[in-house]
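Below is one structure, written out as structure tokens, with a few remarks after it.
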Amino acid sequence: EMELGAALAIITQEALGTTDSRELEAWVKLQPLWSDFPFILLTERGDDPSRASLAQLFQALLGNVTFLERPFHPTTLANVARSALRARRRQYEARSVLDRQALLTREVLHRTKNLIAVIQSIASGSLRDDTVNGTEAFQARLHALANAQNILVDTDWRGAPMRDLVQAALGGLGGRVSLQGPPVFIKPSVAQGLALIVHELATNAAKHGAFTTQKGTVSVCWSVEDDASEPILH
């Protein structure tokens, strides 16, 4: 029952004194850091000189143990049990926090690894030759990637609004661009790549397309199809 998640255990002194407690002792010692399983030990009344040493033995065996001398009123046992239950609940809350921190740590490491891979890919495509244009392209792509990261941070990595993502990728060209489409969220795993794609399209428009003239404009539209998991960009 302890392995299955019992909140506390009530044990009599006689039970511990007449059974092999090595398995119980091993379980107590192997508890995770967040756990301090509460025991309530029902002891005999008396002033035997060995009482103190016996109490120390039980303390070493059980760890978090509350001694309750018999006879006692039933409400006393109920109150002690409620206190032990409250302590156990707080331990489970601590476990949840630790699990959440571990999950976040793994997620951060995963995202960092992915981000480094993206940066390496950008560097490989931008710095093939040591030229000013290559350096400028690398910096511009990193800037587009950073903008996408900022949007994801603002949404707590739940996703990126399509409109915000496109506007950020277009940078200072936004005034010459019309945006049209439903409000949709882009998955974090897709947002970075999409931001870089829009940035590349905007760069091509600035070098070879509509943005080469003062009056040139670009229209960006997107829609969601019933059987599509992601919006369709036009």
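The values are calculated or read from the model by the stated rules, or taken from the named source; none is laboratory data. What you see is a predicted model; the values in this text were computed from it and never measured. Cβ placement follows ideal geometry from the backbone for every residue including glycine, while neighbour counts extend to all protein chains displayed. For accessibility, only protein heavy atoms count, side chains too; no ligands or nucleic acids. Shrake-Rupley method; radii C 1.70, N 1.55, O 1.52, S 1.80 Å.
Some observations on this one:
- Summing Lys and Arg as +1 and Asp and Glu as -1 over all other residues whose Cβ lies under 13 Å from the Cβ of A81 gives a net charge of +4.
- Protection proxy ranking, peptides 178-187, 105-114, average beta carbon neighbours within 10 Å, highest first: 178-187, 105-114
- GNM flexibility winner over the chain from I197, I119, I11 (Cα, springs under 10 Å): I11
- Max mean-square fluctuation residue, GNM over the chain, Cα-Cα springs under 10 Å, options R22, R90, R100: R22
- Shape category assigned to the range 1-96 from the gyration tensor of Cα positions, a/c cut at 1.5: oblate
- Evaluated at q = 0.10, 0.15 Å⁻¹: base-10 log I(q)/I(0), Debye formula over Cα of the chain: -0.65, -1.03
- Approximate spin-label separation W34-T155, in nm, with each point projected 7 Å along Cα-to-Cβ: 2.9 nm
- Straight Cα distances below 18 angstrom link K215 to the lysines K207, with same-chain residues fewer than 8 positions distant left out.
- MRE, 222 nm, helices only [DSSP H, n ≥ 4, -39500 (n - 2.57), over the chain, to nearest 500]: -19000 deg cm²/dmol
- Heavy-atom accessible surface of the chain: percent carbon and sulfur, 1.4 Å: 56 percent
- In the assembled protein chains, T217 presents an accessible area of approximately 100 Å² (probe radius 1.4 Å).
- Solvent-accessible area of R141 with every protein chain in place, 1.4 Å probe, in Å² to the nearest 10: 50 Å²
- Computed over protein heavy atoms with a 1.4 angstrom probe, the accessible surface ordering of I116, I122, largest first, is I116, I122.
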